Amino acid sequence: MSSTVSYWILSSARKTIATLQGGQRLYSRYASNRIKSKGRLFPQGPATLKDHAAACGGIALQKAYRHTSTEEEDFHLQLSPEQVNEVLRAGESAHKILDLVSRAPDSVLRFESNQLAANSPVEDRGGIAACLQTNGLLFGIFDGHGGHACAQAVSERLFYYVAVSLMSQQTLEQMEEAMESMKPLLPILQWLKHPGDSIYKDVTSVHLDHLRVYWQELLNLQMEMGLNTEEALMYSFQRLDSDISLEIQAPLEDEMTRNLSLQVAFSGATACLAHIDGVHLHVANAGDCRAILGVQEDNGMWSCLPLTQDHNAWNPAELSRLKREHPESEDRTVIMENRLLGVLMPCRAFGDVQLKWSKELQRSVLQRGFDTEALNIYQFTPPHYYTPPYLTARPEVTYHRLRPQDKFLVLASDGLWDVLGNEDVVRLVVEHLAEEGQHKPDLAQRPTNLGLMQSLLQQRKAQGLHAADQNAATRLIRYAIGNNEYGEMEPERLSAMLTLPEDLARMYRDDITVTVVYFNSDSIGASSKGS
């Protein structure tokens, strides 16, 4: 696609609002004290947790609930194994793809996912959906900061932008005809795992209007086959971010819509999204979520293939990009204390308009009578804020053709990668698969009857709670927060980390969201031979 067309798609977003209207985790000490700084603050080993316990008292905790405050309530750092498992497994899900959608690519067998909160409310989101008008499955991880509003909005809306971007001219025409004649739209997505209860239900009509303007612009391009997958991902990220920015700049009459739009724009979210269509895997990443492949070579050895790179100050390519985009006089200030302008850890994200807009535009929007304190919107301009925008939602897109040796894909928010390396994650999933195979009953060799099933259940119960996790995402979270510096699981540490009160938990760990996607090696191998 030509650079002219690319520029036109992105720049035309600014016309959207005029047409429709008719004419924290990651913020540093420079920011408001209401935004907690993110860092690896938990020292290895349980000693520090014991110190906290001593300071806060120690009454028995009967249920696996975390207290909301340490000022008036004591807490006990020991959970029973049953309670630990109850907490860890509360958010898990596992599905076979073919049980959910008949048109799914046969390269994907199943997925397992889980989430563990540190923030209250949790700021991570995850979503999985099938594109119904095109081929492909979408898997997304969205890591919010400065609140959960932006992550929620992006998790609900980005898949639709991608799905529309992949549609043919004929399908887009059918969509537009349905809107014009007020008939039901063609179904766009089948959600296999929804990102959570929406707080935006009353403004979805506004979002649909903006999505419609986007597909109208795609129609104007007169491209019979539509965008290719890389283009679709690239433009979807940037267009949604542009719409988020423009929605709050437009005059909105409804107060709730206005307030929600402000919260979305002034909070932020990083995103990692995978699109799988047969043997074609594309990953788009903006920020410090991460995607890796677990690969088993012909000799049986396992390895890790990274599909993304973190967009932060430790990435030399990202540092060079930022310096190229700003005057040489800002070389020493664009990154300070390993943060963008000394404020934000990731260098790419949705929202965060306070790092994208001019000072004048920020003042203009915030002076429209918003109760910024009630909405938890902080007004802060970093030092050395001269040539915005400093932040972008433009993703890096990676293509990988799946091979029979590619066994699984792991996508996760940086709460996992902060404490586990890529190789550690692959090893833990491989161990999970080994244990899964070891404990799976061989029903083909024995009669399947109620007596046998009861026996198997009794065996599992006799193993107690030391039995392996049935979900690889749960295993990863367990080791992420329960590991010591030697890579060993410490039950005392795990229990303590799960019992930290809400006002302390975020100081020691981050929200963690994980999805593990398993591939069908036989199907992938057959496709490779066929091609």
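The values are calculated or read from the model by the stated rules, or taken from the named source; none is laboratory data. Everything numeric here is computed off the predicted structure, so don't read it as measured data. For neighbour counting, all protein chains shown are included, and Cβ atoms are generated from backbone atoms with ideal geometry for every residue, glycine included. In case anyone asks, the SASA skips ligands and DNA or RNA and just uses the protein heavy atoms, side chains included. Shrake-Rupley method; radii C 1.70, N 1.55, O 1.52, S 1.80 Å.
Under the condition of being farther than 12 Å from Trp417 by Cβ and open to solvent by 20 Å² or more (accessible area, probe 1.4 Å), the residues counted in segment 279-303 number 10. Can you find a residue in segment 363-371 that is in contact with a strand residue (DSSP E or B) (Cβ under 8 Å, 6 or more places away or on another chain) and either open to solvent by 20 Å² or more (accessible area, probe 1.4 Å) or modelled with pLDDT of 95 or more (or both)? Taking every residue of segment 363-371 in turn, none turns out to be in contact with a strand residue (DSSP E or B) (Cβ under 8 Å, 6 or more places away or on another chain) and either open to solvent by 20 Å² or more (accessible area, probe 1.4 Å) or modelled with pLDDT of 95 or more (or both).
How many residues does segment 334-351 contain that are in contact with an Asp or Glu (Cβ under 6 Å, 6 or more places away or on another chain) and either of a type in the set (A, V, I, L, M) or within 12 Å of Asp288 (Cβ to Cβ) (or both)?
Going residue by residue through segment 334-351, those that are in contact with an Asp or Glu (Cβ under 6 Å, 6 or more places away or on another chain) are 346-347, 350.
Filter once more, so that each one left must be either of a type in the set (A, V, I, L, M) or within 12 Å of Asp288 (Cβ to Cβ) (or both): 346-347.
Final tally of qualifying residues: 2.
The single condition among (1) out of contact with any His (no Cβ under 8 Å at 6 or more places or on another chain); (2) modelled with pLDDT of 95 or more; (3) over 24 Å from Asn376 (Cβ atoms) that Gly144 does not satisfy is (3).
State the number of residues belonging to segment 359-378 that are acidic (Asp, Glu) and more than 11 Å from Asn259 (Cβ to Cβ).
2
Here is a yes/no grid of residues against (1) open to solvent by 30 Å² or more (accessible area, probe 1.4 Å); (2) at pLDDT below 95:
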| position | (1), (2) |
| --- | --- |
| Pro81 | yes, yes |
| Ile97 | no, yes |
| Ser102 | yes, yes |
| Pro105 | no, yes |
| Phe111 | no, no |
| Asn119 | no, yes |
| Ile128 | no, no |
| Gln133 | yes, yes |
| Gly140 | no, no |
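Contact annotation: residue pairs with Cβ atoms under 9 Å, 6 or more positions apart or on different chains, pairing a residue in segment 346-364 that is within 19 Å of Ala284 (Cβ to Cβ) and in a loop (DSSP other than H, G, I, E, B) with a partner that is among the polar types (S, T, N, Q) and open to solvent by less than 10 Å² (accessible area, probe 1.4 Å), are Pro346/Thr270; Ala349/Thr270; Asp352/Ser267.
When Asn285 is tested against (1) assigned to a loop (DSSP other than H, G, I, E, B); (2) under 19 Å from His400 (Cα atoms), only condition (1) is not met. If the condition is being among the aliphatic types (A, V, I, L, M), over 11 Å from the mean Cα position of the chain (by Cα) and crowded, with 24+ Cβ neighbours inside 10 Å, then segment 254-274 contributes Val264, Ala265.
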